[in-house]
Amino acid sequence: MRDFFAILAILAAVVGLGVFRVPDENALVAAGIQAAAEGAVYQARHPVAVSVKGRVVTARGRVETEAERAALLSRLAALDGVEEVVDALVLMPDVSPFVLEITSDDAVRFAGHLPTEAMAARLRALFGADPGLPLATGTPDRAWDGVAERVAEQLALLLQGEMRIEDRQVLLRGQAHLPRTVQQIEAALTGLPEDYTVTLEVTALDDGLPYSLLVERDPLMGQRLSGKLPPDFDLAAFDVLGVAQERDLTQAPLPLDAPGFAGAVTATLPLMATIEAGTLAVSPDMLTLSGGPVSPDIMAEAQALRDLLPDEMTLRLALIPADDGPDLSFTARWDGAALVLSGRVPRDFPLDDVEARFGQPPDAVRLVRGPYPDLDDWDEGIWPGLRALKGLQSGVLEWDGAQLKLVGRAVDPVARRMAVRRAGPGAELKIDLADDGAPAHFTLRYDPAKGGSVLGKLPAGLSMPALAEALHLDALRGRPPVSPEGNGAPVLRALHALEPFLRDMDSLVLDHRNGGTRLEIALTQGSDVDAIADRLAPQMGEVTLALRAAAPALEGTRRFHAILRVPQVFRDGFWFPETAIVPEPQPCAEAMAMARPVPFAPGQFTPDLTAAWPLAALAGVARTCQRLPARVLTIDVEVGASPLPALNRQLARRRAEALRDAFVLRGVDPDRLRIDSRPVAGADRVSYRWD
């Protein structure tokens with residue numbers, strides 16, 4: 001731009017002095033014409049040089065077309081004072097296809113053509129070599145120059161490679177040092193014009209991972225070496241460690257940016273050789289040394305490493321000093337109620353795990369902790385021993401790191417066998433039985449408000465946890481012994497058969513004596529006692545079953561149901577969930593939607609025998625929400641189970657009527673109820689809405 005304004009200034013000076021009106025052809029005239037001529041060719045695509053002799057202008061350079069030649073000569077001829085224009089312009093050849101190839105390895109080689117001198121200069125600066133290629137026309141578009149330069153810039157990033165651009169077909173292949181360079185190249189070539197097709201075949205010589213070293217030493221398992229080292233690292237440095245049972249060391253193909261890594265490893269390996277059990281981990285910015293026990297001298301050498309490591313590397317030490325105290329030991333005493341711990345354990349002994357494994361926290365802890373943590377799973381024998389001890393009436397567990405000893409008393413053979421199995425092979429056990437020899441006889445009682453309890457002596461095959469699980473209870477009260485004789489399987493089968501109706505039981509009494517079992521159950525209000533008895537009878541086997549309807553509780557009685565785990569209140573002859581629903585449209589709609597659906601057997605009009613509690617829960621919400629002013633609860637039933645629409649229509653209507661009748665029976669205002677039913681092509685569905 002400065003050249004352009006300079007030209008204008010010269011022209012203005014020449015014109016102002018009236019140079020062209022001077023008849024003599026002197027230097028001032030030639031200078032004016034020179035300035036005007038250079039301005040006329042300033043915008044040419046390729047550099048054009050002009051020279052002036054007198055009033056004759058000579059143009060030298062390259063043009064791409066005859067039209068461009070004619071335009072340049074015409075502009076020069078039209079300049080004031082020019083008498084003749086000499087054409088020394090060279091017409092560039094037009095090539096097709098337009099190809100540029102560059103190969104970069106030990107040397108850089110060029111082939112093909114270039115479109116401009118400017119591109120030749122940029123390639124020369126990029127590769128440090130003269131392309132020496134002829135100029136030509138024929139590039140497919142004006143974007144070609146920029147594309148070629150961008151691809152050449154990516155080629156310059158490779159260790160070796162080649163590029164070829166033929167019209168709009170781009171190929172770049174070769175090998176980069178690191179994967180991040182490959183990613184950089186991929187990103188750079190992503191934004192090429194849409195008409196260009198790119199083939200990219202670039203791989204990374206290195207995996208991209210930083211230098212690393214992991215040395216693991218164990219007196220029993222031996223030594224393991226793994227990691228990635230600099231290419232010139234002397235592997236003989238590892239000889240100081242002795243023979244490695246596992247060795248997985250690789251060396252980077254080219255150096256990485258971590259100049260202090262090799263020196264840190266070399267300085268630390270002799271120290272690692274003095275640690276019998278431990279780990280050395282080295283990365284470009286951190287060195288971690290752990291293990292032990294170590295002597296004070298070795299500890300001092302480890303501290304001195306801080307002065308040997310480069311500034312960019314952090315040292316982390318986790319070395320355990322040698323322990324001159326008594327041997328480690330662990331003792332647990334259990335009397336059936338209290339657990340007492342004593343002994344000398346590692347510094348990091350997980351006391352919280354005792355509660356998790358044993359099932360209750362220790363009542364007294366008299367443990368002394370040593371100075372170093374557990375590096376070799378010293379406590380691994382304690383945990384199976386604690387589980388075995390928990391199943392005994394009383395006992396003592398001893399562990400010295402090698403041998404587990406358990407002495408105690410089991411309530412029955414089942415408990416003893418369980419303790420033996422839990423203690424595992426190799427344990428030294430002495431477990432006596434506590435059975436009194438009397439035949440099994442017990443009574444199991446359940447009440448929703450009080451939970452369950454067992455009194456008596458269980459037959460073989462029964463346990464308190466098994467009975468509690470069958471009743472869906474967390475636990476049962478009582479500590480009955482278990483007889484080594486008898487058969488508790490029929491009792492468990494009978495209780496498991498009750499599972500669909502557990503939430504509907506208002507009381508249960510199971511009496512087992514003289515080899516026989518009687519089961520008496522009172523079902524909650526709204527249950528079909530006779531139909532449920534018919535369903536259960538074939539599943540009772542040797543157990544005698546007696547069902548009856550539960551007597552109504554006092555109005556307003558409250559309880560927390562042990563199986564359902566919800567608070568309940570007795571109103572108008574039924575137990576309902578006691579909720580804190582605000583009688584507003586949204587909370588009421590959400591409560592109805594979240595309630596357990598009322599089950600219907602396929603093809604049946606009436607709710608299933610297990611529907612007593614779902615009906616009570618829904619009716620309880622409806623009773624609360626009918627306080628909404630001017631709101632009506634619509635029971636919407638859709639049925640599509642049958643291929644016959646008429647049958648689906650009748651099923652939907654009859655089910656809707658059955659639900660409405662059940663709601664009314666449970667105290668819902670019939671004037672605030674409405675039913676809607678229809679056959680559908682999909683699955684059966686019941687929904688509720690407040691209109």
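Brief remarks on what is shown
- Residues located in the range 122-147, provided they are more than 16 Å from Ser96 (Cα to Cα) and open to solvent by less than 50 Å² (accessible area, probe 1.4 Å): Leu123, Phe127, Ala129, Pro131, Ala143, Gly146, Val147
- Within the set Asp94, Asp87, Asp24, Asp3, the sole residue that is modelled with pLDDT of 85 or more, open to solvent by 60 Å² or more (accessible area, probe 1.4 Å), more than 17 Å from Glu117 (Cβ to Cβ) and acidic (Asp, Glu) turns out to be Asp94.
- The strands (runs of 3 or more DSSP E) found wholly in the range 614-691 and carrying at least 3 residues that are within 24 Å of Pro587 (Cα to Cα) and open to solvent by 10 Å² or more (accessible area, probe 1.4 Å) occupy 673-679, 685-690.
- Failed criterion for Arg217 (all others in (1) touching a strand residue (DSSP E or B) at 6+ places or on another chain (Cβ under 6 Å); (2) surrounded by 17 or more Cβ atoms within 10 Å (Cβ to Cβ); (3) within 24 Å of Glu64 (Cβ to Cβ) hold): (3)
- Yes/no for Arg347 being in contact with a Lys or Arg (Cβ under 8 Å, 6 or more places away or on another chain) and assigned to a loop (DSSP other than H, G, I, E, B): yes
Each row is one residue, and each column tells you yes or no for (1) within 27 Å of Leu508 (Cα to Cα); (2) in contact with a Pro (Cβ under 7 Å, 6 or more places away or on another chain); (3) assigned to a strand (DSSP E or B).
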| residue | (1), (2), (3) |
| --- | --- |
| Glu398 | no, no, yes |
| Val414 | yes, no, no |
| Arg422 | no, yes, no |
| Asp432 | no, no, yes |
| Tyr446 | yes, no, yes |
| Ala460 | yes, yes, no |
| Pro465 | yes, no, no |
| Leu473 | yes, no, no |
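- Counting residues in the range 603-614 that are within 42 Å of the chain's Cα centre (by Cα) and among the aliphatic types (A, V, I, L, M) gives one or more.
- Residue in the range 453-463 that is modelled with pLDDT of 95 or more and buried (at least 17 other Cβ atoms within 10 Å of the Cβ) present: yes
- Just one residue in the set Arg565, Arg558 is among the basic types (Lys, Arg) and either within 30 Å of Gly488 (Cβ to Cβ) or surrounded by 15 or more Cβ atoms within 10 Å (Cβ to Cβ) (or both); that residue is Arg565.
- In the range 502-535, the residues that are open to solvent by less than 10 Å² (accessible area, probe 1.4 Å) and touching a strand residue (DSSP E or B) at 6+ places or on another chain (Cβ under 7 Å): Asp504, Met505, Leu508, Leu510, Leu519, Ile521, Ala522, Leu523, Ile532
- Annotation: of all residues in the range 291-341 being open to solvent by 90 Å² or more (accessible area, probe 1.4 Å) and part of a strand (DSSP E or B), the one that is modelled with the lowest pLDDT is Arg316.
- Lone qualifier among Val243, Val282 - being out of contact with any Lys or Arg (no Cβ under 8 Å at 6 or more places or on another chain) and exposed (fewer than 15 other Cβ atoms within 10 Å of the Cβ): Val243
- Reported count of residues in the range 630-658, each being closer than 17 Å to Arg689 by Cβ and modelled with pLDDT under 90, is 2.
- Failed item in (1) surrounded by fewer than 16 Cβ atoms within 10 Å (Cβ to Cβ); (2) more than 25 Å from Leu205 (Cα to Cα); (3) not acidic (Asp, Glu), with Leu269 passing the rest: (1)
- Residues of the range 375-396 satisfying the condition of being part of a strand (DSSP E or B) and among the polar types (S, T, N, Q): Ser394
- Residue within the range 222-242 that is assigned to a loop (DSSP other than H, G, I, E, B) and either touching a residue at least 60 places away in the same chain (Cβ under 8 Å) or of a type in the set (Val, Ile, Thr) (or both) present: no
The values are calculated or read from the model by the stated rules, or taken from the named source; none is laboratory data. Every value quoted in this text rests on a predicted model; they were computed, and no experiment measured them. A quick note on method: Cβ atoms are made from the backbone with ideal geometry, for glycine too, and the neighbour counts reach across all protein chains shown. What goes into the accessible areas is simple: the full protein's heavy atoms, side chains included, and nothing from ligands, DNA or RNA. Shrake-Rupley method; radii C 1.70, N 1.55, O 1.52, S 1.80 Å.
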